[in-house]
Amino acid sequence: MKTHTLLLLAMLFAGNSLFAQPLERPKLVVGIMVDQMRWDYLYRYYGRYGNTGFKRLLREGFSCEQTMINYVPSVTACGHAAVYTGTGPAVNGIVGNDWYDRKSGKSVYCVYDSAVSTVGVGKPVAGGMSPRHLMSTTIGDELRIATGFQSRVVGIALKDRAAILPAGQGANAAFWYDDANGHFISSTWYMDSLPAWAVAFNKEQRAAKYIQQPWKTLYPVSSYTASTADDKHYEVPLPGEDKPVFIHRFNQGKGYDLLKYSPLGNTLTLDFAKAAIEGYDLGRAATDMLALSFSTPDIAGHSFGPDAIEMEDMYLRLDKELGEFLRWLDQRYGNDYLVFLTADHGAINSPGFLQDHRMPGMGEKLGRAAVLNEAISKQWGIPQAILSDAGSQLYLDTAAISRAGVPLAGLQQFIKAQLKAVPGIGDAVSIEEIHNGYLPAPFNDMYINGWHAKRSGDIMVVPAPGVKNGSIMGTTHGTMYPYDTHIPLIWFGWKIRHGSSYRSIGMTDIAATVCALLHIQMPGGTTGKVITEIF
Ligand SMILES: [Zn+2]
């Protein structure tokens, strides 16, 4: 009896002390996505980075060197959704920046929502942006559930989709850039009007100041030895410019749109992020989360391509800004914040650059619905057998094909033969073939992970490596090849040990890992696994 009482008391004490011990979590989680940042940018410019930005992240944090996007298409909307839902388009439903909707017969933009209005543009504008199309919860959603909605979750980027999809449907706010006024705006999905701190920020008209500043290189042009000469035939001049060379000016566009090409677009994004952290007083009570994305490296990147001085200078400047931001977070949160830095996708070297160096590279138009429909019409008498070629996928009108009495298999063979005759197209593959494991590993799985039963097409146009969708100029992304899918992933701060790993890690492992660190449930669609070596 006596021992029983003692045992009971001991258990009570143990229970009490356990109860009194609060669960450890950081004050703030900052997810940083650098749009179009290839993994190799960490090292291509390494020698010129300062000690406070990328080098500090690598020096003090944990780098997953072999992080791959594990689905196609490798585009912005899919990347931002996959990082924060821990799964690919097959599950989270974000199959592209745009896709074809069979029900309405129209193209859908990933965050367009006719049921909401834009907030922050004077009187609300009908038809706006929201995360409605996202089919999974996000890290932020799960954090909010876990803390009884004490945690606050905010998404910020110049691009709407890069702010909205990471934050998720249950987020407190997402803000993005308004080309017309140079302000940050939002949606009635989150709020009826902008918070006072955001109104004050917009009143400062920083975009109007920044857009007047020309872009000169940080150092003498001749010192940019990791890049090509400034003027190359495969660079695309900025809107309003004759040549793709320094000094770049941004004040000749409509409204404030050209600021998105300037490194000061990153500066403006960070200015607003700091204003949001202060305005919401993030990290004050429960663990809060900021999903921050830099859109400018992608927007400028498309014009100049990965080998241009512009990109080297962009990253040297971003490195400095990141360093200052980390110092600012240090002062505010001490060791009590967690950062992960990654990218939504990479980019191909300009085919013009590849050709100049006798490497395989070419430009090819991959969306070929119009040409194919003409051929099908001639051969089979169906005027519009292909409804759309959104995302280099062909959406077949199976009802019309069946009405015409044309065997689907025969028509598919015809389409595939036509496509395979195009020089830059490596293959054309039906979803049935992919489900049978037709493509080599790991590409087959990437197609499966990227294909959604309700939103994807029937035949995938597969470019050969080195083939850019479009011209030989500038760059783009979207394929399964490493230049598009090998991304940086660095963990830094709260509970993160220093180190690096070359184990192959999927982009969809990020969400599972953040959730493990925070002791919260994984997002509803998560298929990724925890990266255990970082803590
Ligand atoms: Zn892009």
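Return yes when residue 430 is in contact (Cβ under 8 Å) with a residue 12 or more places away in the chain, away from the ligand (no atom under 16 Å from the Cβ) and over 23 Å from residue 369 (Cα atoms) and no when it is not. Here the answer is no, as residue 430 does not meet what is asked. The residues on offer are 395, 438, and the sole one that is hydroxyl-bearing (Ser, Thr, Tyr) and either in the same structural domain as residue 135 (by TED's automatic domain parsing) or in contact (Cβ under 8 Å) with a residue 60 or more places away in the chain (or both) is 395. Pairing residues of segment 77-97 that are without any contact (Cβ under 8 Å) to a residue 60 or more places away in the chain and not assigned by TED's automatic domain parsing to the domain that holds residue 32 with residues that are crowded, with 24+ Cβ neighbours inside 10 Å and part of a helix (DSSP H, G or I), at Cβ distances under 9 Å and at least 6 apart in sequence or on separate chains, gives no pairs at all. Highlighted here are the helices (runs of 4 or more DSSP H) found entirely within segment 22-97 that include at least 1 residues which are touching a strand residue (DSSP E or B) at 6+ places or on another chain (Cβ under 7 Å) and within 16 Å of the ligand (Cβ to nearest atom): 76-85.
In segment 324-336 there is at least one residue that is more than 28 Å from residue 485 (Cα to Cα), away from the ligand (no atom under 16 Å from the Cβ), touching a residue at least 60 places away in the same chain (Cβ under 8 Å) and in contact with a Pro (Cβ under 6 Å, 6 or more places away or on another chain). Against the definition (touching a Lys or Arg at 6+ places or on another chain (Cβ under 6 Å) and not acidic (Asp, Glu)), how does residue 348 come out, yes or no? Against the criterion (touching a Lys or Arg at 6+ places or on another chain (Cβ under 6 Å) and not acidic (Asp, Glu)), residue 348 qualifies. Candidates in segment 491-517 are the residues that are within 18 Å of residue 69 (Cβ to Cβ) and either out of contact with any Ser or Thr (no Cβ under 9 Å at 6 or more places or on another chain) or not assigned by TED's automatic domain parsing to the domain that holds residue 68 (or both); of these, the one that is surrounded by the most Cβ atoms within 10 Å (Cβ to Cβ) is 514. When the residues of segment 278-293 are filtered to those that are among the aliphatic types (A, V, I, L, M) and surrounded by fewer than 24 Cβ atoms within 10 Å (Cβ to Cβ), the one that is farthest from the ligand (Cβ to nearest atom) is 285. For the residues 296, 342, the requirement of being within 16 Å of the ligand (Cβ to nearest atom), among the β-branched types (Val, Ile, Thr), assigned by TED's automatic domain parsing to the domain that holds residue 160 and in contact with an Asp or Glu (Cβ under 9 Å, 6 or more places away or on another chain) singles out 296. Per this entry, residue 260 is counted among residues that are assigned to a helix (DSSP H, G or I), within 25 Å of the chain's Cα centre (by Cα) and among the basic types (Lys, Arg). When the residues of segment 469-513 are filtered to those that are assigned to a helix (DSSP H, G or I) and among the polar types (S, T, N, Q), the one that is nearest to the ligand (Cβ to nearest atom) is 485.
Of the residues in segment 178-185, at least one is assigned by TED's automatic domain parsing to the domain that holds residue 525, part of a strand (DSSP E or B) and out of contact with any helix residue (DSSP H, G or I) (no Cβ under 7 Å at 6 or more places or on another chain). Restricting attention to segment 299-323 and to residues that are more than 20 Å from residue 272 (Cβ to Cβ) and among the aliphatic types (A, V, I, L, M), the residue that is nearest to the ligand (Cβ to nearest atom) turns out to be 311.
Considered as a group, the residues in segment 220-257 that are under 24 Å from the mean Cα position of the chain (by Cα) and charged (D, E, K, R) include one that is surrounded by the most Cβ atoms within 10 Å (Cβ to Cβ), and that residue is 235. For segment 314-360, filtered to residues that are more than 25 Å from the chain's Cα centre (by Cα) and small (Gly, Ala, Ser), the residue that is surrounded by the fewest Cβ atoms within 10 Å (Cβ to Cβ) is 334. Looking across 25, 38, 59, one residue alone is over 21 Å from the mean Cα position of the chain (by Cα), buried (at least 17 other Cβ atoms within 10 Å of the Cβ), on the phi < 0 side of the Ramachandran plot and of a type in the set (D, E, K, R). It is 25. Counting only residues that are within 13 Å of residue 201 (Cβ to Cβ) and not aliphatic (A, V, I, L, M), which one in segment 258-274 is surrounded by the fewest Cβ atoms within 10 Å (Cβ to Cβ)? Checking each candidate, the answer is 274. Report whether or not residue 166 is farther than 28 Å from residue 387 by Cα and surrounded by fewer than 17 Cβ atoms within 10 Å (Cβ to Cβ). The answer is no for residue 166.
Residue 205 falls short of the stated requirement of being within 24 Å of the chain's Cα centre (by Cα), over 20 Å from residue 35 (Cβ atoms) and not small (Gly, Ala, Ser).
The values are calculated or read from the model by the stated rules, or taken from the named source; none is laboratory data. The model shown is predicted, which means the values in this text are computed figures rather than measured ones. Positions of Cβ are backbone-derived with ideal geometry, glycine not excepted, and every protein chain shown enters the neighbour counts.
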